[in-house]
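Okay, structure first, notes after.
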Amino acid sequence: MPSPFKARLHRSKQIVFALVHLPVVIAAIVWRRTILRHATVIAVSGSVGKTTSKECLASILRSVAPTLAASSGANGRTGIPRLLLQGRPHHRFIVVEVGILKPGRMWRSAFLVNPDVTIITHVNWQHSRNYESLDQIAEQKAILLNPLGHDGLAVLNADDERVAAMAEGRDCQVRTFGLNAPADVRAEKIEGQWPDTLSFTVWDGQEERHIRTRLMGQHWVPSILAAVATARSLGASWSDCTTAIEQLAPFPARLNQLRLPNGADLLRDEYNGSFATFERGLDILSQARCKRRVIAIGHIQDTPQFGEQGPEEVGKRCAATGDLLFFWGTYRTRYRDAAIAAGAVPDSVFIFETLTEMAAGIRRETRTGDLILLKGTWFDHMSRVVYAQFGTIACKIEPCLVNTICDCCPRMGFRPDSSVDPSLIKPLRAGQARIRGK
């Protein structure tokens, strides 16, 4: 329970924040309704998968007409207005990712963006401390559909009953996607077991196309289907869709693969620390064709279904999947004890007080044939563990309060070791450039 002083301080910060950004928000509202009135603005929201849907859709639409989209996961009350103000009269499509941290804020984003098309990918536990139920999350997501008029388009996940229900009583057009027969656009023949990447067949009721992606994990299928359903409705050809999807690179720190100098393979997934994404990472690891499965985690969030036993459930899941376990963060001891109680060999479980120690442990204990799942959340700054495998980093601040992923933080000061093959470092540099929009 926060003290009255802290509550007043927080409220004061909120007021100052609102006053500072109010001119930008007002300018974006006016800009959207004047300069951008002829553009098709597409809002993408959902508990998981919205960034990949946004990236995939933007990639397809760029082959059709001038398209603007955020270069990173900026989807809040500062990122959205700034993106809109970057729009120009020549932009035909503007793809906006919309997230909500707390209840009562979606109406602001809906009014600001005033979308012509709204995509809802999924409803799951995200920012669970701020929400009482999945139904409450769904209610907030549905607000983004309210601005759609008769000519508007709602693209909804038919496999998620809460998302599918959002179509009821709507005057706008509705197009659905999913893995089941009722969906307008659906996927079949899904394959992808590491080291193979995801491939599947897309069918829209008239034609089917086979697509092999560069993404890892079958859970990306709904995000891609959402992009395909939207792009096809907006005039993109099948050739536009398949070419863009097959060339799309994984977003940094969201299950993108790296080969480490010691020969082990690493799946970076330290951007989103929700339990739902943790489970998806474990699914990939459990099905992978590798010698040893290694799990390195920090903080796993959004575990309301387990109550106070969330950390114990995380440790239990790790024990069921991993051959080698590395734990860091507030709950490291609870993770370890739960994993050992669930059957993990004590000598295969390690806990670390600092990220520097974890990085050294991974470097020391892993080898060729290992597949490592690195899982955490962006404010854990576990990206340091990744970069420390390839060289040295200047930043040693723990805990770090910088509100960004380490790849685009100038304080990190990464310097690759001269002994490391430059081809291994190239994906890191490419990821940095992508996050920065270069």
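Here are the numbers for this structure:
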| quantity | calculated |
| --- | --- |
| Point-to-point label distance, Ala181-Glu132, nm (Cα→Cβ direction, 7 Å offset) | 3.9 nm |
| Alpha-carbon centroid distance for the pair the stretch 156-178 / the stretch 82-121, whole angstrom | 19 Å |
| Dimensionless Rg/Rh of the stretch 193-245 - Kirkwood Rh, Rg from C-alpha atoms | 0.96 |
| Considering only the chain, percent of DSSP beta bridges that pair antiparallel, nearest 5 | 25 percent |
| For the stretch 299-367 and the stretch 273-293, distance of Cα centres in Å | 14 Å |
| Solvent exposure of the chain as accessible area per residue, Å², 1.4 Å probe | 45 Å² |
| Apportionment of accessible area to carbon and sulfur, the chain, percent (1.4 Å) | 52 percent |
| Kirkwood Rh and Cα Rg combined as Rg/Rh, the stretch 348-438 | 0.95 |
| Exposure rule at most 13 other beta-carbon atoms within 10 Å, DSSP loop GluC sites (Glu not before Pro): the chain longest free segment | 208-352 |
| Pairwise FRET efficiency - Trp31 versus Asp337, Cβ, R0 = 60 Å, nearest 0.05 | 0.65 |
| Count of Lys pairs (Cα-Cα under 17 Å; at least 8 positions apart or interchain) in the chain | 6 |
| Shape category assigned to the stretch 160-229 from the gyration tensor of Cα positions, a/c cut at 1.5 | prolate |
| For the stretch 74-230, Kirkwood radius (reciprocal of mean inverse C-alpha pair distance, Å) | 16.9 Å |
| Qualifying trypsin sites (Lys or Arg not before Pro) in the stretch 289-376, DSSP loop, other Cβ atoms within 10 Å at most 15 | Arg289, Lys291, Arg367 |
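The values are calculated or read from the model by the stated rules, or taken from the named source; none is laboratory data. What you are looking at is a predicted structure, and each value in this text was computed from that prediction instead of being measured. Because the Cβ atoms are built from the backbone with ideal geometry, glycine has one as well, and the counts that use them run over all protein chains shown. Please note that ligands, DNA and RNA were not included when accessible areas were found on the heavy atoms of the full protein model with its side chains. Shrake-Rupley method; radii C 1.70, N 1.55, O 1.52, S 1.80 Å.
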